[in-house]
Amino acid sequence: MRPRDLLIAVGVAAVWGFNFVAIDAGLRHFPPLLFSALRFALAAFPALLFVGRPQVAWKWLITVALVLGVCKFSLLFIGMHAGMPAGLSSLVLQSQAIFTMLFAVLFLRERPRPVQLAGLTVAVGGIAVVATRMTANLTAFLLVVAAAACWGVANVATRKAAPPDTLRFMVWVSALATGPLLMLTLIVDGPSTGLAALRAVNTEAVLALLYIALISTLAGFAGWGHLMRRYGAATVAPFSMLVPFFGIASAAVLLGERVHTVDVIGGALVVGGVLLGLVRARRPALVRVGA
């Protein structure tokens, strides 16, 4: 990998890691569902006017929009709003690799190699270790795990869609997710709650929204898609394992979150297990979307 592209890979991981701090900031001002709806609305418009028509079947666009845009991010935002720490969320969300493998076996009839099963076992052990620290708020932890499971389904659906342009794909996914999310926030939170949040918006809320919509989603996927096209998923995918490092580090520095020994042990097992599954992969790794 060229030095410039190496910097892009690490930079995208850093952007996606810091994303959890931005989410934490935004959730102080917006209800989770409204925040998610605004994120996708801003990521879709006006970009939708410039990216051109979708290059994949509508059924896959709609599937990914509902599973990734609506379910995954709603569960993540609600989990973090319920008390799941930002840094720990960035780590637990990497369990999506576990669910991606499981769903690929179920729906794509892929046969995991022994080393992948070993990595899966190690990663599951890491998630179990992390869970021991969240016994006081197990609901928030399970919501983020459920978000990771939705991400796994979205990865398999994206594999079936095989989008030639990841950025264009994400813009259309964002556009299709916006409507259902707005309806959900109206039903769950009510119009008055959303209007009150919009009236009380401040600079921190706006910056958080701009960051997760424009930098994390659009710029992040533009860079990631460039690397995927040039080097392939098997080479690029391992760089996503840097996301928890940047997520935990930025949460510790900017939010004052304490890094526990349990987090380090569990994180090492999760990341190590996922990387073990990538050793001498004979097939391209599944394209992963949504950080």
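The values are calculated or read from the model by the stated rules, or taken from the named source; none is laboratory data. On a predicted model such as this, the values are computed, not experimentally measured, just so you know. Here Cβ is always computed from backbone atoms with ideal geometry, including for glycine, and neighbour counts include all displayed protein chains.
Residue count for region 6-56 satisfying the condition of being of a type in the set (K, R) and in a loop (DSSP other than H, G, I, E, B): 2.
Determine, yes or no, whether V122 is surrounded by fewer than 23 Cβ atoms within 10 Å (Cβ to Cβ), in contact (Cβ under 8 Å) with a residue 60 or more places away in the chain and either out of contact with any Phe, Trp or Tyr (no Cβ under 7 Å at 6 or more places or on another chain) or not acidic (D, E) (or both). So V122 passes the test. Can you tell me which of (1) free of Cβ contacts under 8 Å to residues at least 24 places away in the same chain; (2) within 15 Å of G11 (Cβ to Cβ); (3) aliphatic (A, V, I, L, M) is the one A249 doesn't meet? Result: A249 fails condition (1) only. Consider T135 carefully, then state whether it is among the β-branched types (V, I, T), surrounded by fewer than 22 Cβ atoms within 10 Å (Cβ to Cβ) and over 27 Å from A14 (Cβ atoms). Against the criterion (among the β-branched types (V, I, T), surrounded by fewer than 22 Cβ atoms within 10 Å (Cβ to Cβ) and over 27 Å from A14 (Cβ atoms)), T135 qualifies.
The requirement of being among the hydrophobic types (A, V, I, L, M, F, W, C), buried (at least 20 other Cβ atoms within 10 Å of the Cβ) and at pLDDT 90 or above is satisfied by F246. The number of residues in region 164-205 that are within 21 Å of V12 (Cα to Cα) and of a type in the set (A, V, I, L, M) comes to 4. Return the pair list, or none, for Cβ contacts closer than 9 Å from residues in region 205-227 that are in contact (Cβ under 8 Å) with a residue 40 or more places away in the chain to residues that are surrounded by 20 or more Cβ atoms within 10 Å (Cβ to Cβ) and among the basic types (K, R), at least 6 apart or on different chains. Here the result reads L209/R39; I212/R39; A213/R39; S216/R39; T217/R39; W224/R288; G225/R168, each pair linking region 205-227 to a residue that is surrounded by 20 or more Cβ atoms within 10 Å (Cβ to Cβ) and among the basic types (K, R).
Scoring E204 on the criteria (1) surrounded by 16 or more Cβ atoms within 10 Å (Cβ to Cβ); (2) assigned to a helix (DSSP H, G or I); (3) of a type in the set (D, E) leaves a single failure, condition (1). Within the span defined as region 60-72, one or more residues are crowded, with 18+ Cβ neighbours inside 10 Å, of a type outside the set (D, E, K, R), over 28 Å from P31 (Cβ atoms) and in contact (Cβ under 8 Å) with a residue 60 or more places away in the chain. The listed residues are A154, A128, and the only one of them that is in contact with a helix residue (DSSP H, G or I) (Cβ under 6 Å, 6 or more places away or on another chain) and assigned to a helix (DSSP H, G or I) turns out to be A154. You will find that of A233, A219, A268, A251, the residue that is touching a Pro at 6+ places or on another chain (Cβ under 7 Å) and modelled with pLDDT of 85 or more is A251 and no other.
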